[in-house]
């Protein structure tokens, strides 16, 4: 099957990782893969290592006839069966190209927003929750497939022997208000008042668009006297080093469509403390023994689960083991690549 995989973002994050994982998964099932990326794409080196059949770089702009013509002539000889688009703002351009090439267009929905993906022939959602939303809005249910995010690396489980002294709690993400980092600081302040020993590290670049949120978080750290207890690491270049430093990973999100970082932590044998945001709620549905869960925007419950995770080593060992096994069962490259291939076969010419 001939597949075009499109990602026009210039950022680094979950969508970009998912795009890269799609290239990897498609190659597993012998798809011919053309990758289309923006000129400013930051994951080109990672993409080249996956060896797609071709990489096309474009200067993406919103709906543009010249770009449509350029893409048509670039892809005409390739004659793709399917064009997969990971960024909703790129769908209008690639829908026009798909129609000219007699190809199907699939929108990958990385969040529950319906705009633009409703114009596609099919939708790949990352959760069942999103599938229900789009089905309720009138999109043909048979054309919606749940293809969750995945983790491509494989690691052996490493049982917890002991924690650092004091235990290290880690989190990571962009300083977007939906990530819930202020709630995390509130929870740490509660632990501090209860004299529960800990160190905390926060990984993430201070992007200009989220600078105010970062300043708000840093001000809270100072307000609660946590300067010696909380360390901002900046952009995490080496995730192995980050996870080696921590004992427990926490996801404090107020909104989280999926949460690839949870898979990264579980694959590295780290116990999870997570909010019950949309993605984590589905990942751990029916498997409460795989993580310490707490209601969104509830620092008190978060603090209680954090305390339990770092003071009850025997239980936390089991949580880490259960989380690792859940990840292996549902979210490895082999598992998700099979789902992706089956979904694409439905749209084959």
* Can you name the residue in the stretch 94-113 that is farther than 24 Å from residue 342 by Cβ and at pLDDT 95 or above and, of all such residues, is surrounded by the most Cβ atoms within 10 Å (Cβ to Cβ)? -> 97
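Looking at this structure, is residue 178 under 20 Å from the mean Cα position of the chain (by Cα), surrounded by fewer than 18 Cβ atoms within 10 Å (Cβ to Cβ) and either on the phi < 0 side of the Ramachandran plot or free of Cβ contacts under 8 Å to residues at least 40 places away in the same chain (or both)? Quick ask: steps written out before the conclusion?
Working: under 20 Å from the mean Cα position of the chain (by Cα): yes; surrounded by fewer than 18 Cβ atoms within 10 Å (Cβ to Cβ): yes; either on the phi < 0 side of the Ramachandran plot or free of Cβ contacts under 8 Å to residues at least 40 places away in the same chain (or both): yes.
Spelling it out, residue 178 is indeed under 20 Å from the mean Cα position of the chain (by Cα), surrounded by fewer than 18 Cβ atoms within 10 Å (Cβ to Cβ) and either on the phi < 0 side of the Ramachandran plot or free of Cβ contacts under 8 Å to residues at least 40 places away in the same chain (or both).
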* Asked: Within the stretch 10-30, is even one residue buried (at least 16 other Cβ atoms within 10 Å of the Cβ), touching a strand residue (DSSP E or B) at 6+ places or on another chain (Cβ under 8 Å) and assigned to a loop (DSSP other than H, G, I, E, B)?
  -> no
* To do: With respect to residue 76, determine if the residue is out of contact with any helix residue (DSSP H, G or I) (no Cβ under 6 Å at 6 or more places or on another chain), within 22 Å of residue 26 (Cβ to Cβ) and assigned by TED's automatic domain parsing to the domain that holds residue 11.
  => yes
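Regarding residue 228, is this residue free of Cβ contacts under 8 Å to residues at least 24 places away in the same chain, under 18 Å from residue 165 (Cα atoms) and not in a helix (DSSP H, G or I)? Full working, then the answer.
Working: free of Cβ contacts under 8 Å to residues at least 24 places away in the same chain: yes; under 18 Å from residue 165 (Cα atoms): yes; not in a helix (DSSP H, G or I): yes.
So residue 228 fits the description; yes.
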* With respect to residue 91, is the statement that it is assigned by TED's automatic domain parsing to the domain that holds residue 24, farther than 18 Å from residue 23 by Cβ and within 21 Å of the chain's Cα centre (by Cα) true? -> yes
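Does residue 276 fit the bill of being out of contact with any helix residue (DSSP H, G or I) (no Cβ under 9 Å at 6 or more places or on another chain) and not assigned by TED's automatic domain parsing to the domain that holds residue 125? Walk me through it before giving the result.
Numbers: out of contact with any helix residue (DSSP H, G or I) (no Cβ under 9 Å at 6 or more places or on another chain): yes; not assigned by TED's automatic domain parsing to the domain that holds residue 125: yes.
The answer is yes for residue 276.
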* Quick one: residue 135 ticks every box in (1) free of Cβ contacts under 8 Å to residues at least 12 places away in the same chain; (2) surrounded by 15 or more Cβ atoms within 10 Å (Cβ to Cβ); (3) under 30 Å from residue 65 (Cβ atoms) bar one, so which box is it? -> (3)
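Quick test for you: out of 222, 192, pick the one residue that is outside any loop (DSSP other than H, G, I, E, B), within 25 Å of residue 295 (Cβ to Cβ), at pLDDT 95 or above and assigned by TED's automatic domain parsing to the domain that holds residue 324. Walk me through how you get there before you give the answer.
Details: 222 fails: within 25 Å of residue 295 (Cβ to Cβ).
Answer to the check: 192.
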* To do: Hey, can you tell me all the residues within the stretch 197-219 that are within 14 Å of residue 250 (Cβ to Cβ) and either modelled with pLDDT under 95 or in a loop (DSSP other than H, G, I, E, B) (or both)?
  => 198, 204
* If you go through the stretch 47-71 one residue at a time, how many are assigned to a helix (DSSP H, G or I) and surrounded by fewer than 15 Cβ atoms within 10 Å (Cβ to Cβ)? -> 5
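The values are calculated or read from the model by the stated rules, or taken from the named source; none is laboratory data. All values derive from a computational prediction rather than experimental measurement. With ideal geometry, Cβ positions are generated from the backbone for all residues, glycine too; neighbour counts draw on all protein chains shown.
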